[in-house]
Amino acid sequence: MNNKIIIPSILFVLVLFFSFFVLSQYKKDQASSGSTENEIIFFYGDGCPHCAIVEEYIKENKVNEKVAFSTKEVYKNRNNSKQLEEKAKICGMPTDSIGVPFLWDGEKCLVGDVDIIEFFKQKIIK
């Protein structure tokens, strides 16, 4: 009689612990992936002349003090390059011909110094 109660109880507790573990991992994955989805990311390459134009604009106008965004170099950092490709896929852009400067605004992609500088000008005005 005791075995009829003990074994199902142990199984129930194990399933309960397993469920909590899986749920906590899912929430952790959602938090880590979601944190960059709405984040503004400026992708650039060392030595890229158009990137330098954007970087100069950012520096001269102190954009980093007015707009929260991160910068990621893609020529030397493969992980950053892969992240750039992921963002380009979200925007429906061909990943074999993506260039820098490239900006992910949390929803859409901008390519080229003119569009990115215009984006930052609009953000500063707000």
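The values are calculated or read from the model by the stated rules, or taken from the named source; none is laboratory data. Note that this is a predicted model, so its numbers are computed, not measured. Cβ atoms come from the backbone with ideal geometry, glycine included; neighbour counts cover every protein chain shown.
Summary of computed values
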{"quantity": "Any hit, segment 113-122, residues being among the charged types (D, E, K, R), part of a helix (DSSP H, G or I) and touching a strand residue (DSSP E or B) at 6+ places or on another chain (Cβ under 8 Å)", "calculated": "yes"}
{"quantity": "Restricting segment 54-75 to residues that are among the aliphatic types (A, V, I, L, M) and over 14 Å from Ile98 (Cβ atoms), the residue that is surrounded by the fewest Cβ atoms within 10 Å (Cβ to Cβ)", "calculated": "Ala68"}
{"quantity": "Segment 59-79, residues that are within 25 Å of Ile124 (Cβ to Cβ) and part of a helix (DSSP H, G or I)", "calculated": "Lys59, Glu60, Val63, Asn64, Glu65, Lys66"}
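Table: residues versus (1) within 19 Å of the chain's Cα centre (by Cα); (2) surrounded by 13 or more Cβ atoms within 10 Å (Cβ to Cβ); (3) of a type in the set (A, V, I, L, M); (4) modelled with pLDDT of 70 or more.
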site	(1), (2), (3), (4)
Leu14	no, no, yes, yes
Tyr26	yes, no, no, no
Ala31	yes, no, yes, no
Glu37	yes, no, no, no
Asp46	no, no, no, yes
Ala52	no, yes, yes, yes
